[in-house]
Number of protein chains: 2
Amino acid sequence: MSQHRHPGAPGRAGAVPALPDLPEATVARLPEYLRALHNLADTGHETVSSEGLSAAAGVNSAKLRKDLSHLGSYGTRGVGYDVALLIEQIEYVLGLTQRRAVALVGVGNLGHALAGYDGFASRGFRIAALLDADPSRVGEEINGLVVRHVDDLPTVAAEESLAIGVIATPAAAAQQVADQLVAVGVTSILNFAPCVLSVPEGVDVRKVDLAIELQILSFHEHRKASLTALPATGGSALTALPGGFAATDTQEAIGT
Amino acid sequence: MSQHRHPGAPGRAGAVPALPDLPEATVARLPEYLRALHNLADTGHETVSSEGLSAAAGVNSAKLRKDLSHLGSYGTRGVGYDVALLIEQIEYVLGLTQRRAVALVGVGNLGHALAGYDGFASRGFRIAALLDADPSRVGEEINGLVVRHVDDLPTVAAEESLAIGVIATPAAAAQQVADQLVAVGVTSILNFAPCVLSVPEGVDVRKVDLAIELQILSFHEHRKASLTALPATGGSALTALPGGFAATDTQEAIGT
DNA sequence: CGCGATTTGTGCACGTCTTCACAAGCGCCT
DNA sequence: AGGCGCTTGTGAAGACGTGCACAAATCGCG
């Protein structure tokens, strides 16, 4: 609390200072803070208050302070947080001090877009290889990288230190690709295929499904529509529905 | 709950059966159940147990039962759920009985991919318009649709009943596009730009940020590395983690 | 040098989500 | 018909996440 996060822990040669184990919800927000901080830094801000940063990140300021306190953060009461220092801290915790190599499998529609997405490069990652199972795609050059066959994975893994794999294949191929990735030592997978992957313990999988996001929005649309469709005779007294009115407490709306 | 009302019957005119207001966490999982159910239906299954469905969707079976119970579901004790009926139910609740029109703004790298993504069409949505602010892109044809200028939004909205907008522009343009979408009556936005949008109350925004997903994975990589880096030395002193092996209790592993 | 303005860090209470464990219900088999 | 095995639906307990409100800490200024 009071002191640094230099946990005298297992001192072990300047090795890794044993990460505090953060709540998952906090981890999920750190990248957002980081992005906001970079914006602030680019616009010349040297310090920022929790109020200011939380607004830029779209969260509650108390939540932000609590999140930062978890990583034993460096704020100064009465002043705020040092932007540069906080960036450094968060990047360290997220493991972004080394630029991680990512293997992208599947260069179809989506894979193409991902390969060309500069958000990866600019935020700590390097696409180390593009792979595909379709021989007709092998050899194609995208964004300066040549597509290789997915069976070359072992070779690629030998060249690079691969820890993260991105799957952008059709659902039918995803599980097999996941197995291949795991086989060459990948321990984190970002899956864009609409299916559930099964992987050994110790391997993290995160899933992004574009259609699911839309379906969630659709639900809210449906609900909004069914509410406004209610006659409501006069307003306030819409007796009927048990708790019907509560409809809009959702903070989904903005974030502040 | 107790009484069966013929639910599905989208033909059933008039009174919307008043959507139960579901927990947000449940809503977020329904699409996943739906996908799993479609798979089951395609492979000839007529019924499925909560155990089976939960496995296919990558969640805990008790959670699944509770989720389904929230929508007053139709299961038969000793048997399971009727696949076709459950599909109908979930699609109804999610508002997928009508094919919703979506406007996609920004046909750059990512926008291109989204425009060509058939997962939208196959799961209840129809891309009604492609828009971009760059005049040199206007007129281009993608997947059978011609790109129009973003200033044509009012016209598009007049032609179609737009409720959902997708933003795939650079961050700098996102807020302005969001404002334009809101102005023509869009009340749900899926935002791929790495920035926080501010919108009026009543408008839902969901954000998808590819780099953030990677950064979250990076954190877990970093943590795994810092753990394995610890010397064996009895290991007991593992800073915080009681029982180091527990590292994977996080349902991250497969589920969610 | 002390005071007031400001902002962090956090104790606490509250709400949401998850998980267990089990009673109630259903169909099948004898 | 009756019992038995299987599966749903749910009460209750606990874990987790959130937000308020305030004490502690710091700076700037007179």
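The values are calculated or read from the model by the stated rules, or taken from the named source; none is laboratory data. Everything quoted here is computed from the prediction, not taken from an experiment. Cβ placement follows ideal geometry from the backbone for every residue including glycine, while neighbour counts extend to all protein chains displayed.
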Within the stretch B:66-77, of all residues that are small (Gly, Ala, Ser) and either on the phi > 0 side of the Ramachandran plot or within 11 Å of DNA strand C (Cβ to nearest atom) (or both), the one farthest from the other protein chains (Cβ to nearest Cβ) is B:75
For the stretch A:178-214, the count of residues that are out of contact with any Lys or Arg (no Cβ under 7 Å at 6 or more places or on another chain) and not in a loop (DSSP other than H, G, I, E, B) equals 15
Considering the stretch B:104-147, residues that are surrounded by fewer than 15 Cβ atoms within 10 Å (Cβ to Cβ) and of a type in the set (Gly, Ala, Ser), and then whichever is farthest from residue B:184 (Cα to Cα), we arrive at B:122
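Could you say whether any residue in the stretch B:160-169 is over 20 Å from the mean Cα position of the chain (by Cα) and surrounded by fewer than 17 Cβ atoms within 10 Å (Cβ to Cβ)?
Yes: one or more hits.
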Query raised in the report: out of contact with any Phe, Trp or Tyr (no Cβ under 6 Å at 6 or more places or on another chain), surrounded by fewer than 12 Cβ atoms within 10 Å (Cβ to Cβ) and modelled with pLDDT under 95 - does that describe any residue in the stretch B:210-225?
Result: no
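Is one or more of the residues making up the stretch A:78-91 at pLDDT 95 or above, within 16 Å of DNA strand C (Cβ to nearest atom), of a type in the set (A, V, I, L, M) and over 29 Å from residue B:169 (Cα atoms)?
yes
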For the stretch B:142-161, indicate whether the set of residues that are facing chain A (nearest Cβ under 10 Å) and under 20 Å from residue A:210 (Cα atoms) is non-empty. yes
When restricted to B:53, B:30, the only residue within 9 Å of chain A (Cβ to nearest Cβ), in contact with a Phe, Trp or Tyr (Cβ under 9 Å, 6 or more places away or on another chain) and within 15 Å of DNA strand C (Cβ to nearest atom) is B:30
Among residues of the stretch A:99-117 being at the interface with chain B (Cβ under 9 Å from one of its Cβ atoms) and outside any helix (DSSP H, G or I), the residue nearest to residue B:113 (Cα to Cα) is A:108
Going through the stretch B:131-172 in order, the residues found to be of a type in the set (A, V, I, L, M) and farther than 16 Å from residue B:116 by Cα are B:133, B:138, B:150, B:153, B:156, B:157, B:158, B:162, B:163, B:164, B:171, B:172
The one condition residue B:63 fails out of (1) within 11 Å of chain A (Cβ to nearest Cβ); (2) within 19 Å of residue A:209 (Cβ to Cβ); (3) surrounded by fewer than 18 Cβ atoms within 10 Å (Cβ to Cβ) is (1)
